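Undergrad: First the structure, then my questions, so here it is.
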Amino acid sequence: MFIDDILIYSKNIKEHEGHLKLILKLLKDEELYAKFSKCEFWLSKAEAAFQLLKQKLCSAPILALPEGSENFVVYCGASHKGLGAVLMQKEKVIAYASRQLKVHEKNYTTYNLELGAVVFALKMWRHYLYGTKCVVFTDHKSLQHILDQKELNMR
């Protein structure tokens, strides 16, 4: 018999100690043993990371003003619900953009949706990007060969 995971939640350390003792006693009574080396415990490092994550998720993201017209990076993505993009410069967020798919776009292939997200982002931020070199990241590998195609779909 294998026990994959045992998750123990408690409101405080004292309560957690009691829960842990109870679980360990139950395992011992049933002659089930765990390797201590395979056990993971929520330590202060994990708690600090969790508190930082909560703080970041609960505070409004701060947008930076663009500095000049160089080094822009655009991150694009698409799903069957919508398109999204982030404009960054020097690892700081300049702008976010997203929209729901239009009715006819819901029938598009993943390739066309991902390409649509790139077009959406470039149109949205053309006033920043026109006449500059920028890097565009997308999570759809087939788009890397788009410039090799002889004929593109007008969609």
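The values are calculated or read from the model by the stated rules, or taken from the named source; none is laboratory data. All values derive from a computational prediction rather than experimental measurement. All Cβ positions, glycine included, derive from the backbone under ideal geometry; neighbour counts span all protein chains shown.
Undergrad: Mind counting the residues in region 7-28 that are loosely packed, with under 11 Cβ neighbours inside 10 Å and not in a helix (DSSP H, G or I)?
TA: Of the residues in region 7-28, 4 are loosely packed, with under 11 Cβ neighbours inside 10 Å and not in a helix (DSSP H, G or I).
Undergrad: Which residue is surrounded by the most Cβ atoms within 10 Å (Cβ to Cβ), if the candidates are limited to region 92-132 and must be polar (S, T, N, Q) and over 22 Å from ILE62 (Cα atoms)?
TA: ASN112
Undergrad: A follow-up question, please. Go through region 82-139 and count every residue that is over 20 Å from PHE72 (Cβ atoms) and part of a loop (DSSP other than H, G, I, E, B).
TA: So the count comes out to 4.
Undergrad: Quick check, is LEU32 assigned by TED's automatic domain parsing to the domain that holds LYS141 and either closer than 30 Å to CYS134 by Cα or surrounded by 10 or more Cβ atoms within 10 Å (Cβ to Cβ) (or both)?
TA: Details: assigned by TED's automatic domain parsing to the domain that holds LYS141: no; either closer than 30 Å to CYS134 by Cα or surrounded by 10 or more Cβ atoms within 10 Å (Cβ to Cβ) (or both): yes.
No: the conditions fail for LEU32.
Undergrad: Another question, then. Could we say that GLN89 is of a type in the set (S, T, N, Q) and crowded, with 17+ Cβ neighbours inside 10 Å here?
TA: yes
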